[in-house]
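The values are calculated or read from the model by the stated rules, or taken from the named source; none is laboratory data. Everything numeric here is computed off the predicted structure, so don't read it as measured data. Counting neighbours? That spans all protein chains shown, and the Cβs are built from the backbone with ideal geometry, glycine included.
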Amino acid sequence: MVKWLVTLVACSLFSAGVVAQPQASTGSAGPDSAFSQILGRPTDRTITISVLSASTVDAFVEYGTTRGSYTKRTPTRTVNAGMPAEFDIADLAPSTAYVYRVQTRAVGEADFTRHEAASFRTQRKHGETFTFGVQGDSHPERLGKMFDPDLYIQTMHNVAQDAPDFYFLMGDDFSIERLIERGNKSQDAVNAVYAHQRGFLGLVGESTSLMLVNGNHEQAAKYLLDGTASSFAVLAGKARTNYFPLPAPSGIYSGNAEPVEHIGLLRDYYAWEWGDALFVVIDPYWHSDVAVDNEAGTKAPRRDAGRGGEARTLGEDNRDAKRRAKQNEGGGGQAPGDPPAGRQGKGNRDLWQITLGEAQYQWLGKTLHESKARFKFVFSHHVLGTGRGGVEVAGLYEWGGEDRRGVDRFFQKRPKWEQPIHDLMRDTGVTIFFQGHDHLYARQELDGVIYQTCPNPADPTFTAFNREAYKSGDIFPNSGHLRVTVSGGVDATCKVEYVRAARLGDEAEHG
């Protein structure tokens, strides 16, 4: 059973209070901090702590199960200025809360400085209750139009108060498009974009593992690869994996095991189980030969929403048998009314070229079919990675099987695939599909699958952008995050709350 609530939190900025273990800590992190620590890829017995310092320091991590008593520690290592260093902690106990503290020492100094204690926990067992959080596109490059730093800090404090096990960013958090427009092809410049965002996220990430979803404005995308180590795709891919400790196939995680030249493992799609839930992150951007949404440094092209240019909602009927019967008919030639292959200008593209790719699709199917988890959550920046809307576009192309004229062409275009992505989610019992991209809160349902569009966390205009693309569902404007509580056991439930954030005075101005 899934429940939904919308909650307006206190408007004033506040500090995290004292709560029972595990305890969230706001520490010394923040956008102006010279130091941050970020958790990532926890398993039943391991976790990684990424440490970033503005100056070169020696550092180690001490940890234990009781605050103030740190019975174990990592070896000391050098953390170079401006370059994150990962401390891998192993030999942990399953389903256990830990406290930890980083100690640093400047080069040439004898004594270490103790940073504020924070917490983490290992993989929960079946039946345990836990929370996770989700935010939509933060777009820090859109200052004043869709982003306010004080409001973002407010949202980060709200999240830290929850002490969630995970916090998901749905993409468009690390735009490098201004660098592309200016021809600033520099790893240092791209790193600065990730470091700036990390300053805010450290308020949450020191006690909550962060999970990134790739978005279109990250431009971490296959179509930009040119075989060199200096392509913008490589620069973005390296910054993403260096600044945030994301999962790779190992331990409790499965995912993309194919390394990319000059980057290594992309860590772009991955899955794991935690308590009574399965989490699955997917990504079309690294697997499509064409630009999935906007080309680097340009505005996003206009999208046809469906027949006659109007948004179309996928019907409730099961089309699988019809598709299967058509699989061997013809060779999948161009259908009347479809645009020619390749990009031919805004709104005139062959969207069958947008894809998860064969390997990711087969992995997704295997992951969803084999999991016995009570709740299944799938995360992607957007249906197909482009367009606007939720269920309105869920029937199109490889997601739903039909072209923009309503012609079912799935088995012509994807002859090796079992069924469209939406049908796969439906038949494997996916609970919620989370997406960003549209900059508003929207809850819809199709064939038993919830399509949940996530709000921006720091929009000072408190706008429901792209509202016209949604023809059904519960719609609310920005800003804030989603708090999801999974209660395990026989009467397992999943509760989704929209925790809205505001600054002092915003209630009076925006209502």
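Residues that are without any contact (Cβ under 8 Å) to a residue 12 or more places away in the chain, assigned to a loop (DSSP other than H, G, I, E, B) and exposed (fewer than 12 other Cβ atoms within 10 Å of the Cβ): does the range 81-101 have at least one? No, because not a single residue in the range 81-101 is without any contact (Cβ under 8 Å) to a residue 12 or more places away in the chain, assigned to a loop (DSSP other than H, G, I, E, B) and exposed (fewer than 12 other Cβ atoms within 10 Å of the Cβ).
Considering only residues that are closer than 17 Å to L210 by Cβ, crowded, with 24+ Cβ neighbours inside 10 Å and not hydrophobic (A, V, I, L, M, F, W, C), which ones fall in the range 137-157?
D137, S138, Y152, T155
The set of residues in the range 251-264 being surrounded by fewer than 19 Cβ atoms within 10 Å (Cβ to Cβ) and touching a residue at least 12 places away in the same chain (Cβ under 8 Å) consists of G251, I252, Y253, E258, V260, E261, H262, G264.
The set of residues from the range 378-401 being over 18 Å from V213 (Cβ atoms) and free of Cβ contacts under 8 Å to residues at least 60 places away in the same chain comprises Y397, E398.
Would it be correct to say that K376 is outside any helix (DSSP H, G or I), buried (at least 21 other Cβ atoms within 10 Å of the Cβ) and out of contact with any Pro (no Cβ under 9 Å at 6 or more places or on another chain)? Yes; evaluated as a whole, the condition is true for this residue.
Those residues that are out of contact with any strand residue (DSSP E or B) (no Cβ under 8 Å at 6 or more places or on another chain) and of a type in the set (D, E, K, R), I need them from the range 205-262; list them, please. Once the filter is applied, which keeps residues that are out of contact with any strand residue (DSSP E or B) (no Cβ under 8 Å at 6 or more places or on another chain) and of a type in the set (D, E, K, R), the range 205-262 yields E218, K222, D226, K238, E258, E261. A search for C-beta distances below 9 Å between a residue of the range 180-202 that is farther than 18 Å from P84 by Cα and any residue that is of a type in the set (V, I, T) and surrounded by 19 or more Cβ atoms within 10 Å (Cβ to Cβ), counting only pairs 6+ apart in sequence or on different chains, returns N184/I176; N184/V190. Picking from G389, G315, which residue would you name as being at pLDDT 95 or above, in a loop (DSSP other than H, G, I, E, B) and within 19 Å of D447 (Cβ to Cβ)? When all the criteria are applied, what remains is G389. Screening A229 against (1) of a type in the set (G, A, S); (2) crowded, with 21+ Cβ neighbours inside 10 Å; (3) farther than 17 Å from Y152 by Cα leaves a single unmet condition, (2). Scan the range 124-157 for residues that are among the hydrophobic types (A, V, I, L, M, F, W, C), within 21 Å of E177 (Cα to Cα), in contact (Cβ under 8 Å) with a residue 24 or more places away in the chain and not in a loop (DSSP other than H, G, I, E, B) and the total you get is 1.
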